[in-house]
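Structure first, commentary second.
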Amino acid sequence: MRKNSIKNTRINMEVQRELSEIIRTEIKDPRVSNAMITVVAVEVTPDLKYCKAYISMLGSEEAAASALEGLKNAVGYVRKELARRVNLRNTPEIKFVLDQSIEYGVAMSKLIDDVTKDLKD
């Protein structure tokens, strides 16, 4: 199975949907449940052994680091729930990665708006 095959894309989408649901409803850790966490993307390897889940959070960097630590502590529970919900040959090992692309995009948009405002004046 190639990395960008249709089957792998469908698996990525299903795992992303289930991870979002598990994080939103099942994890009781206050570091995680108090944060606004979004699963931006998921990359499951073609052999279904590993999974990178890119997450984005609203709030300060300290809160994001704390929530990421809470997710890393709950990775065993999340993997067990994922195995129960998604019928895969192997349940992948999950690695949570903080995705800063949304914050970066907002910052760049603000800089562009500032420059264009200065040009209009």
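The values are calculated or read from the model by the stated rules, or taken from the named source; none is laboratory data. All figures in this text were calculated on a predicted structure; none of them were measured in a lab. We place every Cβ from the backbone using ideal geometry, glycine too, and count neighbours over all the protein chains shown. For accessibility, only protein heavy atoms count, side chains too; no ligands or nucleic acids. Shrake-Rupley method; radii C 1.70, N 1.55, O 1.52, S 1.80 Å.
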Candidate set from the range 56-68 (those that are open to solvent by less than 20 Å² (accessible area, probe 1.4 Å) and touching a helix residue (DSSP H, G or I) at 6+ places or on another chain (Cβ under 7 Å)); member that is modelled with the lowest pLDDT: Met57
Selection count, the range 69-121, where residues are among the β-branched types (Val, Ile, Thr) and surrounded by 11 or more Cβ atoms within 10 Å (Cβ to Cβ): 7
Filter the range 69-108 down to the residues that are touching a helix residue (DSSP H, G or I) at 6+ places or on another chain (Cβ under 9 Å) and of a type in the set (A, V, I, L, M) and list them by number. Leu71, Ala74, Val78, Leu82, Val86, Leu88, Ile94, Val97, Leu98
Can you list residue pairs whose Cβ atoms sit under 6 Å apart, with the first residue in the range 22-44 being on the phi < 0 side of the Ramachandran plot and open to solvent by less than 30 Å² (accessible area, probe 1.4 Å) and the second being of a type in the set (S, T, N, Q) and not in a strand (DSSP E or B)? Count only pairs 6 or more apart in sequence or on different chains. Val39/Gln16; Val39/Ser20; Val42/Asn12; Val42/Gln16; Val44/Asn12
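Assess whether Ile27 counts as being assigned to a loop (DSSP other than H, G, I, E, B), over 26 Å from Gly105 (Cβ atoms), under 16 Å from the mean Cα position of the chain (by Cα) and not acidic (Asp, Glu).
The answer is yes for Ile27.
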Would you check which residues across the range 45-55 are open to solvent by less than 60 Å² (accessible area, probe 1.4 Å) and of a type in the set (Ser, Thr, Tyr) and list them? Thr45, Tyr54
Extreme residue, surrounded by the fewest Cβ atoms within 10 Å (Cβ to Cβ), among residues of the range 1-21 that are assigned to a loop (DSSP other than H, G, I, E, B) and of a type outside the set (S, T, N, Q): Arg2
Those residues of the range 70-121 that are among the polar types (S, T, N, Q) and touching a residue at least 60 places away in the same chain (Cβ under 8 Å) come to a total of 1
Of everything in the range 30-54 that's charged (D, E, K, R) and in a strand (DSSP E or B), which residue is farthest from Arg79 (Cα to Cα)? Glu43
